[in-house]
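> Just dropping this structure here.
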Amino acid sequence: LTQSKSAIDNLNALKEIVNNNLQYVGPIKGLAALNPWSKAQKIQANISRVRQVVGKALEGGVLRKEDEDKYKKILATVTDTPETAVYKINQLITDIQGDIDDYTTLQQGAGRSLDVKKSLIKKGQSSSGKTSGGNSYTITK
């Protein structure tokens, strides 16, 4: 769960980097990443770093060589069109958030709490809130 949330945070940061540097992203412009003094190379380095974080989150912590090749195609590159790069990032965010929501729903359905505060409630006290699905809950000990 932590790796998935970290992956989403990293993808959101990457989307901001790409959006702020569109002049370096594209089929022709992205080739500037081959120049060691180009800002496009720094953007590609960020993409590579995020690819590792996302891959580990989706593969359960272990990223094999075959997985790296797969994520090179799934995640944005500086040679993608700007629209495609942002689309790829948004789709990964949506997919990972869906996995988190599914996990949370299954855990709650099994009676497990993902809320750390629940274990800190003293007997005789109650706590209430909303689940990620928008359902209200109240806990009384």
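The values are calculated or read from the model by the stated rules, or taken from the named source; none is laboratory data. Remember, it's a predicted structure, so these values are computed and weren't measured experimentally. Here Cβ is always computed from backbone atoms with ideal geometry, including for glycine, and neighbour counts include all displayed protein chains. Accessible surface is based on the protein model in full, side chains and every heavy atom, while ligands, DNA and RNA are left aside. Shrake-Rupley method; radii C 1.70, N 1.55, O 1.52, S 1.80 Å.
> All but one of (1) within 16 Å of the chain's Cα centre (by Cα); (2) surrounded by 15 or more Cβ atoms within 10 Å (Cβ to Cβ) hold for ALA32, so report the exception by its number.
(1)
> State all residues of segment 75-105 that are in a helix (DSSP H, G or I) and of a type in the set (A, V, I, L, M, F, W, C); if no residue qualifies, say none.
Once the filter is applied, which keeps residues that are in a helix (DSSP H, G or I) and of a type in the set (A, V, I, L, M, F, W, C), segment 75-105 yields ALA85, VAL86, ILE89, LEU92, ILE93, ILE96, ILE100.
> With respect to VAL78, is the statement that it is among the β-branched types (Val, Ile, Thr), in contact with a Leu (Cβ under 9 Å, 6 or more places away or on another chain), over 20 Å from THR2 (Cα atoms) and modelled with pLDDT of 85 or more true? Let's see the steps before the verdict.
Working: among the β-branched types (Val, Ile, Thr): yes; in contact with a Leu (Cβ under 9 Å, 6 or more places away or on another chain): yes; over 20 Å from THR2 (Cα atoms): yes; modelled with pLDDT of 85 or more: yes.
When the stated conditions are applied, VAL78 passes them.
> Here's something else I'd like to know. Enumerate the pairs (first residue in segment 1-27 and free of Cβ contacts under 8 Å to residues at least 24 places away in the same chain; second residue anywhere and surrounded by 15 or more Cβ atoms within 10 Å (Cβ to Cβ) and part of a helix (DSSP H, G or I)) with beta-carbon separation below 6 Å, excluding pairs fewer than 6 apart on the same chain, so at least 6 apart or on different chains.
Cβ pairs passing all conditions: ASN21/ILE43.
> Follow-up question, since we're still on this one. Please work out which residue is farthest from LYS29 (Cα to Cα), limiting yourself to segment 62-76 and to residues that are open to solvent by 30 Å² or more (accessible area, probe 1.4 Å) and not acidic (Asp, Glu).
Across segment 62-76, the extreme among qualifying residues is VAL62.
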